[in-house]
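Remarks on the structure that follows.
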Amino acid sequence: MEILGLVNLFFAIVIGLYFWNLLRQQQGSKTAVDRESRREMDKLRRLKSIALTEPLSELTRPKALQEIIGQSDGLKALRAALCGANPQHVIIYGPPGVGKTAAARVVLEEAKKNPLSPFAHDAAFVEVDATTARFDERGIADPLLGSVHDPIYQGAGPLGVAGIPQPKPGAVTKAHGGVLFIDEIGELHPIQLNKLLKVLEDRRVFLDSAYYSSEDSNIPPHIHDIFQNGLPADFRLVGATTRLSTELPPALRSRCLEIYFRNLTPEEIGSIAANAAEKIKLPLEPAALEEIKRFAANGRDAVNMVQIAGGVVLSEGRKVIAKRDVEWVLSCGQYAPRPQNRIRQEPAVGVVNGLAMYGPNLGTVIEVEATAVTADRGHGGVKVTGVMEEEEFGRQGRTMRRRSQARSSVDNVLTVLRVSLGLRPQDYDIHINFPGGIPVDGPSAGVSMVTAVASALTNRPVSNIVAMTGEVTIHGLVKGVGGVVPKVRAAVESGVKKVLIPEENWQDIFAGLQDVEVVAVGTIEEVLKHALLQVSEEVQFSTASHGHSTLLGASPKITPGIIP
């Protein structure tokens, strides 16, 4: 018995020494961790104590609706969508640097002031960049929708040791009760996008794990609740993109109100630049401001130009930003002048101001020119340059190629010239051209082509202050097209005084415009009545129905005898 007692005592001492050693190691480890933590906290405090001045882009970021320049229509639509009693999901289209993110921020603050709004005073604005919001296909991490930290993963902690999966909320839950802003939403991964659409429908996000069992009594009640009922995700989505609306999935677009922000005008960019110069207390010379207006493509460009030019001025001990400072910035930054669509100063034969779209809510004025040369009777031909020849589109899992709509419109043009206008284009070698270097597609140039060719065949100049858009049918009818509002805006900016649009596209807002007359037309005869200048009684020109013997086309001057 004494030997057995000694053996028990020995093992008791060994076990005691083992646990005492473990305790000492644990305390030593805790001491080392605390010491390392204090060292890192001191380093973190020193880092936080260092602060540079705010970049000018931050100083000039709008803090209120009235500070956002040049987007009155877009802001009105955004306020209507988010500031009422039933806020909607929104997608904002527009080029970079025109205030999409700033508008979303300030509109949420505006919504909080409305007593009818469901947004609380502390509603969150959670911002996510779709280009970096990547997820792990195994479900380990998803910063947008959330994920589950399974027990097998390193760092699972005490709950992981007990075999308990741990849900980790994503941005959709952090935005609960507020706004989730996804920048460049068109770049979101398709899998994430499909999951996001489900969250928008359910207003909660459901997570899953192979390690979860509803019958496991060791799992805490809050984790049971999350897996069974989901994490709350009742927010309003505001997505921003520089893509075209047609490039976004229809399922996303159908759930959102679509709002378009336009390009800023030179005057609006000038206001942004002047405001930035005021922030850094370095006024701009008028000539310097004009250079910025001529080269800055958006507000961000303007602010950057002012900041760099201001740095040059301060380094030289001056107090005003001069034109030469801005010119130096433009040279170093290799900025190109922003395109200025200005109409011709004089009418011309065979030259028409057409209207086109080149981006979301971005209209532009394009030239459509045509020439006609007499050929053997009935053996003329048509050449078209500057248009897209073919286009690809997908349908039911197949990619198909077809003749472009612009190229197909040429056939409609020839039919209209023969049937509706009584001309003989088959007796002439006709060349239709879209200068500018960017291929044109779509049917909206139909009326422009008819007018240009009719002008070339009859030698009647086209008014240089008229612009037009619309699809033409083989019966000479003018059909509706897209993007008419931004097209009209572009026409006004280029100096056009009369815009011809299809009757189907007429809106009452066009009646109140001051700088331009918008005319709704239904037939190609109406278009030509407004666009072609009249020939005087003294000088008559042969028409295509009687034949030509000379080159007719894009003459830069009015032919004597032509009157408006």
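Scanning segment 266-282 for residues that are surrounded by 15 or more Cβ atoms within 10 Å (Cβ to Cβ) and part of a loop (DSSP other than H, G, I, E, B) turns up I280, L282. Just the residues that are in contact (Cβ under 8 Å) with a residue 24 or more places away in the chain and under 20 Å from V462 (Cβ atoms), please, taken from segment 494-521. Within segment 494-521, S494, G495, V496, K497, K498, V499, L500, I501, P502, V516, V518, V521 qualify. The residue list A85, A111, A102 contains one member that is touching a residue at least 24 places away in the same chain (Cβ under 8 Å) and farther than 30 Å from E187 by Cα, which is A85. The criterion of at least 2 residues that are within 27 Å of R342 (Cα to Cα) and either at pLDDT 85 or above or among the β-branched types (V, I, T) (or both) is met by the following strands (runs of 3 or more DSSP E) wholly inside segment 362-449: 362-374, 382-385, 428-433.
Based on what the data block shows, is E367 closer than 28 Å to S245 by Cβ and under 28 Å from the mean Cα position of the chain (by Cα)? Criteria met by E367. Looking at the structure I just gave you, is S117 in a strand (DSSP E or B) and either crowded, with 19+ Cβ neighbours inside 10 Å or of a type outside the set (A, V, I, L, M, F, W, C) (or both)? So S117 does not fit the description; no.
The values are calculated or read from the model by the stated rules, or taken from the named source; none is laboratory data. As the structure is a prediction and not an experimental result, all values here were calculated from the model. Glycine also receives a Cβ, built like all others from the backbone with ideal geometry; neighbour counts cover every protein chain displayed.
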